[in-house]
Amino acid sequence: MKFLCVACDEAMKLVEAADTPHGDSLTVIFRCARCEHRVALLTNPQETQLVHSLGVAIGGRTTPPQPLARVRATLNAASPLWTEEAERRLQRVPEFVRPMVRDNIERHARERGCREVTCEVMDEARSGMGM
Ligand SMILES: [Zn+2]
């Protein structure tokens with residue numbers, strides 16, 4: 001999923017993706033790198049579920065869709081800590097998909113009961129093992 005700046009005919013970059021406080025909506029902000037034009041996407045609860053199930057597919061990578069209850073349950077849990085090595089690896093992911101990748105890996109860690117995101121957890125999340 002991408003937005004194109006019509007004026008520049010250029011793919012816009014993902015600036016921010018954040019859940020609203022109630023968790024029912026999601027705001028996703030895209031920016032055109034050439035003309036700085038911004039668009040924001042605000043989703044309703046059904047669309048929020050859709051975007052979450054798309055997950056990192058926004059960046060071209062795919063992840064299996066997840067049931068709503070599971071997403072709800074994991075959204076509220078505290079974020080796990082990242083080891084230095086795992087964080088360094090995350091920094092190599094293209095910037096525009098990084099928030100989505102981080103979110104997906106943290107969700108995976110929480111589902112596995114991991115309090116720390118290590119390279120092993122990243123590998124697992126990527127291969128989809130245990131999901
Ligand atoms: Zn533009």
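Can we say residue 39 is within 16 Å of the ligand (Cβ to nearest atom), at pLDDT below 90 and under 27 Å from residue 5 (Cβ atoms)? Give the steps one after another, and end with the answer.
On the way: within 16 Å of the ligand (Cβ to nearest atom): yes; at pLDDT below 90: yes; under 27 Å from residue 5 (Cβ atoms): yes.
So residue 39 passes the test.
Please determine, by comparing only the residues of region 24-36 that are touching a helix residue (DSSP H, G or I) at 6+ places or on another chain (Cβ under 8 Å) and either touching a residue at least 24 places away in the same chain (Cβ under 8 Å) or within 12 Å of residue 3 (Cα to Cα) (or both), which one is surrounded by the fewest Cβ atoms within 10 Å (Cβ to Cβ). Quick ask: steps written out before the conclusion?
Narrowing region 24-36 to residues touching a helix residue (DSSP H, G or I) at 6+ places or on another chain (Cβ under 8 Å): 24-26, 28.
Add one more test, that the residue is either touching a residue at least 24 places away in the same chain (Cβ under 8 Å) or within 12 Å of residue 3 (Cα to Cα) (or both), and what stays is 24, 26, 28.
Values: 24: 14, 26: 20, 28: 20.
For region 24-36, the residue satisfying everything is 24.
Residues that are at pLDDT below 85, part of a loop (DSSP other than H, G, I, E, B), in contact with a Gly (Cβ under 7 Å, 6 or more places away or on another chain) and away from the ligand (no atom under 16 Å from the Cβ): does region 54-73 have at least one?
yes
Is region 3-11 home to any residue that is at pLDDT below 85 and either within 11 Å of the ligand (Cβ to nearest atom) or part of a strand (DSSP E or B) (or both)? Reasoning before the result, please.
Applying the first criterion (at pLDDT below 85) to region 3-11 yields 3.
Among the residues that remain, those that are also either within 11 Å of the ligand (Cβ to nearest atom) or part of a strand (DSSP E or B) (or both) are: 3.
Checking region 3-11: at least one residue is at pLDDT below 85 and either within 11 Å of the ligand (Cβ to nearest atom) or part of a strand (DSSP E or B) (or both).
Looking at region 1-23, which of its residues are among the aliphatic types (A, V, I, L, M) and open to solvent by less than 40 Å² (accessible area, probe 1.4 Å)?
Filtering region 1-23 for residues among the aliphatic types (A, V, I, L, M) gives 1, 4, 6-7, 11-12, 14-15, 17-18.
Once the filter is applied, which keeps residues that are among the aliphatic types (A, V, I, L, M) and open to solvent by less than 40 Å² (accessible area, probe 1.4 Å), region 1-23 yields 12, 14, 17, 18.
The values are calculated or read from the model by the stated rules, or taken from the named source; none is laboratory data. Note that the structure is predicted; figures quoted are calculated from it, not measured. Positions of Cβ are generated from backbone atoms using ideal geometry, with glycine treated the same way; all protein chains shown enter the neighbour counts. Side chains are part of the model used for accessible areas, which takes the heavy atoms of the whole protein and leaves out ligands, DNA and RNA. Shrake-Rupley method; radii C 1.70, N 1.55, O 1.52, S 1.80 Å.
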